[in-house]
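Beneath this line is the structure, given in structure tokens, with notes to follow.
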Amino acid sequence: MLERPSSSRREQVINLRKAGLTYAEIGRRLGLTRERARQIVTGKAATKKKATRNNPDALLTTAQAAEHLNVHVNTVRRWSNKGILETYRIGSRGDRRFRRQDVDKLLLKKSSAGTS
């Protein structure tokens, strides 16, 4: 999970960038990767998570689906294998992805079954 950096770290990175240092130099000074230094300056890491949260067609990883359903990752895998939760396989490794709306649908189904 990506967390927002503390304001002091963010200020350090921004000040070093204004001073003309490259992202690689900033990373070396602060113990970050150059990509993380760039993310802190541009703020793109935080916006990606927000876009996923609001998009019903977004694809979630197994860990994200488990967190959303408040269950263990192995439970999500088991539900996927049994066909309880629809899975999409991507990439050469066949990684599982779940549509957010399918996860939400299962969540509503489970909550309505528990209240009956």
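The values are calculated or read from the model by the stated rules, or taken from the named source; none is laboratory data. Note that the structure is a prediction, hence the values are computed from the model and not measured. Neighbour counts run over all protein chains shown; Cβ positions are idealised from the backbone, glycine included.
Of note:
- Positions within the stretch 77-105 being closer than 15 Å to GLU67 by Cα and of a type in the set (Asp, Glu), in sequence order: ASP102, ASP104
- Residue that is surrounded by the most Cβ atoms within 10 Å (Cβ to Cβ) [pool: residues in the stretch 7-22 that are touching a residue at least 12 places away in the same chain (Cβ under 8 Å) and assigned to a helix (DSSP H, G or I)]: VAL13
- Figure legend. Inter-residue proximity from the stretch 89-109: first residues at positive phi, second residues in a loop (DSSP other than H, G, I, E, B) and at pLDDT below 95, beta-carbon distance below 6 Å, spacing 6+ or different chains. No pairs are indicated.
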